[in-house]
Amino acid sequence: MQAMKDYIVHIDNKKRVTLRGAAYQYYYVREYDNGCIMLEPRELVAPASISARTLADMNRAVANFRTGKVSEEIDLSDF
């Protein structure tokens, strides 16, 4: 594999390295004993939908509420 960029960086006072023209905002970092640092791009993506398990839990909670199967009221007057 051929390198797309080749340049020298330095670590600033806060132990940070700046990547020039980085294609991604987030990277997974692996640091090895020999000083090598491996960066893998990560894209944080919001889930497309609520999982089936979460929907089933919500449906069960609403059903319990409608049938009156609920816990006692919580007294929040102290707050």
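Key figures
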{"item": "Charge context of His10, other residues only, Cβ under 13 angstrom, K/R +1, D/E -1", "result": "+3"}
{"item": "Selected from Ala23, Ala61, Phe79, residue furthest toward positive end of dipole (the chain; charges at beta carbon)", "result": "Ala23"}
{"item": "Of the GluC sites (Glu not before Pro) in the chain, those whose Cβ has at most 16 other Cβ within 10 Å and which sit in DSSP loop", "result": "Glu43, Glu72, Glu73"}
{"item": "The chain, relative contact order [Cα under 8 Å, separation at least 6], %", "result": "15"}
{"item": "Cut-off 12 Å between beta-carbons: net charge of the residues surrounding Gln25, Lys and Arg +1, Asp and Glu -1", "result": "0"}
{"item": "Correct choice for percent of Cα pairs over 17 Å apart that was computed from the model, options [x] 55; [y] 62; [z] 73", "result": "[z]"}
{"item": "Accessible area of the chain belonging to carbon and sulfur atoms, whole % at 1.4 Å probe", "result": "54"}
{"item": "Gained length - Ala52 relative to Glu40, 0.36 nm times residue gap less alpha-carbon distance", "result": "1.3 nm"}
{"item": "Helix 52-66 axis, angle to the chain major axis (alpha carbon atoms, nearest 10°)", "result": "30"}
{"item": "For the chain, size of Cβ-based charge dipole, Lys and Arg +1, Asp and Glu -1, in debye", "result": "360"}
{"item": "Accessible solvent surface per residue of the chain, calculated while the other protein chains remain in place, 1.4 angstrom probe, Å²", "result": "108"}
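The values are calculated or read from the model by the stated rules, or taken from the named source; none is laboratory data. All values derive from a computational prediction rather than experimental measurement. Using ideal geometry, Cβ is built from the backbone for each residue, glycine included, and neighbour counts are taken over all protein chains shown. Calculation scope for accessible area: heavy atoms of the full protein, side chains included, ligands and nucleic acids excluded. Shrake-Rupley method; radii C 1.70, N 1.55, O 1.52, S 1.80 Å.
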